[in-house]
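Everything below concerns the one structure shown next.
The values are calculated or read from the model by the stated rules, or taken from the named source; none is laboratory data. Fair warning: this is a prediction, and the values are worked out from it, not measured in the lab. Because the Cβ atoms are built from the backbone with ideal geometry, glycine has one as well, and the counts that use them run over all protein chains shown. Heads up: the accessible areas ignore ligands, DNA and RNA and are worked out on the full protein's heavy atoms, side chains in. Shrake-Rupley method; radii C 1.70, N 1.55, O 1.52, S 1.80 Å.
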Amino acid sequence: MPSVSGDIELFEEVLHQLHHDFQNHPFHYGNENPVMPELYRQLRIRLSPETVPLTYRQDHSNMDDWRNREMFERLEQENQEIPRVRPEVRFYDDEIWGGTKTDFDLVVFPEKDEVVMQGKKEGIGNFVDIQRTQLSVLCEIKHSMNMSGQFRSGGEKDIQALAEYPGDVGRRYFLFLDWWPQDGYGKVTFEKDIRQLKERIGDVSSRVDVAYLPRTGDLKFVRGICQ
């Protein structure tokens with residue numbers, strides 16, 4: 001679909017901008033916390049149209065609770081749209097997806113496609129319906145860990161979770177910003193870490209791309225890391 005492919009292209013353009021800013025201002029990104037807000041900010045101002053239609057369901061909400069009644073009354077009066085990029089998203093399905101990671105760092109929704117969300121039992125929730133909502137991009141974000149470029153131990157679970165997500169996704173990304181792309185001997189660790197990461201994960205059911213943004217050196221993509 002044109003919207004999904006365009007969203008993927010824009011997402012990768014923003015990653016290049018983020019990488020350039022990281023290399024010029026590394027202390028702006030001294031840990032993981034500033035990465036996602038900056039990625040969200042850049043996508044928020046560049047995605048067009050900016051918002052997508054929203055349907056907010058009551059299926060799992062306790063409508064005997066006054067907070068839920070008031071919330072849904074307000075929803076009926078307001079324009080039900082949300083930004084096409086959303087951080088810290090938790091997903092669910094009708095059977096309440098269990099036993100697997102259900103929260104992800106960032107998603108991009110295709111234009112015009114409806115996003116279906118659900119409230120908590122009592123009050124406002126941030127739960128997106130897996131079966132009824134398509135995604136252009138699903139992304140997990142990590143920063144350097146243990147003062148080294150070795151990201152395989154932290155990336156393994158995230159890549160597996162991205163691959164196992166059962167919904168309709170245009171592209172799945174594991175994004176890694178690396179303060180220490182060289183080890184203490186000055187050797188670049190990226191190729192070795194990718195090789196060992198592949199060995200640890202094995203084959204996965206869905207394509208996951210690794211986007212590697214080092215403090216020194218070029219941005220690198222590993223397309224379909226374990227396919």
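Here R132, R171 are screened, and the one residue that is touching a residue at least 12 places away in the same chain (Cβ under 8 Å), open to solvent by 60 Å² or more (accessible area, probe 1.4 Å), closer than 23 Å to E88 by Cα and touching a strand residue (DSSP E or B) at 6+ places or on another chain (Cβ under 9 Å) is R132. For the criterion of being in a strand (DSSP E or B), closer than 14 Å to E156 by Cα and free of Cβ contacts under 8 Å to residues at least 60 places away in the same chain, V210 passes. Only residues that are at pLDDT 95 or above, assigned to a strand (DSSP E or B) and either touching a Gly at 6+ places or on another chain (Cβ under 9 Å) or of a type in the set (D, E, K, R) (or both) were counted in segment 79-93, giving 1.
Of the residues examined, F151 is not one that is open to solvent by less than 10 Å² (accessible area, probe 1.4 Å), within 25 Å of C226 (Cα to Cα) and either within 12 Å of the chain's Cα centre (by Cα) or among the acidic types (D, E) (or both). Consider R207 carefully, then state whether it is out of contact with any Pro (no Cβ under 7 Å at 6 or more places or on another chain), more than 19 Å from T102 (Cα to Cα) and not aliphatic (A, V, I, L, M). Judged against the criteria, R207 is not a match.
Taking the conditions (1) closer than 24 Å to F22 by Cα; (2) open to solvent by 30 Å² or more (accessible area, probe 1.4 Å); (3) in contact with a helix residue (DSSP H, G or I) (Cβ under 7 Å, 6 or more places away or on another chain) in turn, D218 satisfies each one other than (3).
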